[in-house]
Amino acid sequence: GVHQVTERDLQGAGGGGSLMTGYENPTLSVSNTSIDIGSKAESSYLGSNDFIVIDNTKKKNTTVETIKSVVPWIRRKAQNACSKKMLYRRLPILSWLPGYDSSMAIGDLVAGITVGLTVIPQALAYANIAGLPAEYGLYSSFLGCFVYIFLGSCKDVPMGPSAISALLTFQVVNGHGPKYAILLTFLTGVVQVLMGLFGLGFLIDFVSGPVSSGFTSAVALIIVTSQIKDVLGIKASGTTFVDTWRSIFSDIHNTQAWDTILGIVCIAVLLILRIIGSLKLKPKYDDVELSKCKKVINNAMWLIGTARNAILVIICGLVGYSFCLNGPPPFKVIGTVPQGLPSAQPPPFGYTETKNDTEVTHTFLEMISDMGSGIIVVPLITLLENIAVCKAFANGKMVDATQEFLAIGFCNIVNSFVQSFPSTGSLSRSAVNNSSGVRTPLGGLYTSVLVITALLFFTPYFYFIPKATLGAVIIAAVIFMVEVKVVKPMWRSKKSDLILGFTTFIACLVLALEIGILIGVGINLLFILYHAARPKISVEKLRSMAGTEYLMLTPDRCLIFPSVDYVRNLVTKHSIRQGIPVVIDCSHIYGADYTAATVVESLTKDFAARDQPIFFYNLKPSVSSVFEGLSPKDFVVFYNEDEFDELLKNRYCIKKQIEFSVNA
């Protein structure tokens, strides 16, 4: 009869009928010739009810037909993009603004002001980490908050500079000045928007938990190291952890007593206030409601702990002011901070500066070349930090990563027009935002207004803030970013992950951050490839219903080019050692490639040469079609364990018929 291709129904019960004696490729030169087709219905050999008979004859599509088939897809995509549902997804403000009420407004007001009191001293300090004048930290803290109100999908995210983004900016800009940082902000935003539009967010998935922990811990130590110079009142510089410490030791003999004492005292005060903020008075008995006095005390302690940075900066600023009234202060202060908002202008796509009475021109391509891989690493890491914030406060809800990519990207693009360095959602400020009772992203409006107010009216007073105080603010904040608590559970769970985390940690300390995290991701991918190349194979010696002994080998994953030779060697070794029929259980094989097909063809030839039966059990139709592409010899697939004895019997009959015909 005419052969037809059969494909097993993936939704079926998962096995051939009782009349099914095996599945073979109709194009094979050798098949079960002992089957008497005339004695059974043809449908018995096409498969049971769990199979679907399909026509394999496909017409070749012309270019015109291909274009016609694409047009409906484009039309469907355009309709989805212009739908009301998509509009609400891309402008989340439309979802919560109609139901906005006074209780939400009060929650957002309190949270916005609280975050504003936190971000102002942090922004001044983060600018120092980034190697930029203090005002650039404030420039990075107001416009992004406003844009995020319309595009942001997470109420707890306060847009602005973070410790990680500041340190990455410092290493990528590498002393080239604010113009490079502003251009980096623009390019970061463009890359993030493109990632959102083209669905490239999966790239973040390659940064595993151990790599992220090692990277974050290294960043924390590098930031602490960068602030040691301000606490000690010395001069030091360096782009890596090792370089910075070498520079510190070279100038440590110039340590200033006033700066050191002030810095240590500030760190101690901040840590004490942090503890006070976490304390809560409880009622004497569990079933008794907390008294009004205790509620007031709890709220006061929480406010002191939350606003500890602002409180300390104000007090130390007053101390600095009192010293400046009587002459130069005994410790280093920030100095002049320009008053007013930054001028709105496009980011510099090239500029000219004067060095030693000579004009030096920096072209756009030269600036990009100087920043190197940072153009890709900075967007990825800042997105990773922001998504981590969203997940931390999602409360079980799904995080729309694509929308966050677009929101953060547009925030950075807009920020680049007000002389900002790259911004993202800060985990520390998000915790403050959440604990302050924020209800919607509108809390960012009040934070933005507070920063603008500081720029317009309070920058002259920033002059008196000691550098040691800002250094203490950063040290007291980032020291808790060192993820020591993950070491023990990671060791218990999987020791290789701990090795991966430590490798990333050391690489980020010794090398530039972007190179360190790329090394961590690269080693992680090598681990994944190794596991793909070395699948686990269980080997069992079983007996069939008729008492025939056979060897069952079960790979636990897909067969792809790194693993096929390893699997072939194991199958060959065990089959030769046992010398009995072999069954390969393909239940866990959901994919294969051309290399796997060539190995299967070679394997079946080897088994046929030594007259040892080999069968493939429960092979997925999609995988079977890959193997059949090379028409392997004696390639037999079955789906019902009861068929195994029948297959062996048919094979024995074929062998007898061949021997009889040869002897005749």
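From most to least packed by mean Cβ count within 10 Å, the peptides 226-236, 600-610 give 226-236, 600-610. An ellipsoid equivalent to the range 398-541, defined through the eigenvalues of its Cα gyration tensor, has semi-axes of 41, 21, 17 Å when rounded to whole angstrom and sorted largest first. With a cut-off of 11 Å between beta carbons, the residues surrounding GLY107 carry a summed charge of 0, where Lys and Arg count +1 and Asp and Glu -1. Taking a sphere under 14 Å around the Cβ of GLY350 and counting the other residues whose Cβ falls inside, with K and R at +1 and D and E at -1, yields a net charge of -3. Rounded, prolate or oblate, given the Cα gyration tensor of the range 191-334, with a/c below 1.5 counting as rounded? Because a/c hits 1.5 or more and a/b fails to exceed b/c, the range 191-334 counts as oblate. As an equivalent ellipsoid, the range 130-272 spans semi-axes of 32, 18, 17 angstrom, where each value is the square root of five times an eigenvalue of the C-alpha gyration tensor, largest first. Each peptide in 179-187, 459-467, 161-169 was scored by the mean count of other Cβ atoms within 10 Å over its residues; highest first, the order is 161-169, 179-187, 459-467. Pairs exceeding 24 Å between alpha-carbon atoms, taken from LYS155/LYS179; LYS85/LYS397; LYS229/LYS485; LYS391/LYS467: LYS155/LYS179; LYS229/LYS485; LYS391/LYS467.
Go through LYS573/LYS605; LYS536/LYS605; LYS573/LYS649 and tell me which ones have a Cα-Cα distance over 21 Å in this structure.
Violating the 21 Å Cα-Cα cut-off are LYS536/LYS605; LYS573/LYS649.
Take 355-366, 207-218, 336-347 and order them by the average number of nearby Cβ atoms within 10 Å per residue, most first; the result is 207-218, 336-347, 355-366. If only the Cβ of Lys and Arg carry +1 and only the Cβ of Asp and Glu carry -1, the dipole of the chain around its Cα centre is close to 1340 debye. Take every DSSP beta bridge whose two residues both sit in the chain; close to 70 percent of them are antiparallel. Count the net charge of all other residues whose Cβ sits under 12 Å from the Cβ of LEU290, scoring Lys and Arg as +1 and Asp and Glu as -1. Surrounding charge for LEU290 is +3. Rounded, prolate or oblate, given the Cα gyration tensor of the range 306-465, with a/c below 1.5 counting as rounded? Judged from the Cα gyration tensor, the range 306-465 comes out oblate (a/c at least 1.5, b/c at or above a/b). Overall, the anisotropy analysis places the range 460-586 in the prolate class: the square-rooted eigenvalues a ≥ b ≥ c of its C-alpha gyration tensor yield a/c not less than 1.5, with a/b exceeding b/c. Computed per residue of the chain from DSSP H runs no shorter than four, each worth -39500 (n - 2.57), the mean residue ellipticity at 222 nm is -18500 deg cm²/dmol.
Carbon and sulfur atoms: what percent of the 1.4 Å accessible area of the chain do they account for?
With neighbouring chains kept in place, the figure for the chain is 63 percent.
With a cut-off of 8 Å between alpha carbons and a minimum separation of six or more residues, what is the relative contact order of the chain in percent?
24
I'd like to know which of THR595, ILE106, VAL193 lies farthest towards the positive end of the charge dipole of the chain, counting +1 on Cβ of Lys and Arg and -1 on Cβ of Asp and Glu. Working it through, the farthest residue towards the positive pole turns out to be ILE106. Show log10 I(q)/I(0) for the chain at q = 0.07 Å⁻¹, two decimals, from a solvent-free Debye sum over equal Cα scatterers. Listed by q, the Debye log ratios stand at -0.65. Taking only protein heavy atoms and a 1.4 Å probe, what accessible area per residue, in Å², does the chain have with all protein chains in place? I get 50 Å² per residue for this part.
The values are calculated or read from the model by the stated rules, or taken from the named source; none is laboratory data. Note that the structure is a prediction, hence the values are computed from the model and not measured. Methodologically, a virtual Cβ is constructed for each residue, glycine included, from the backbone with ideal geometry; neighbour enumeration extends over all protein chains shown. Accessible surface areas use protein heavy atoms only, side chains included; no ligands, DNA or RNA. Shrake-Rupley method; radii C 1.70, N 1.55, O 1.52, S 1.80 Å.
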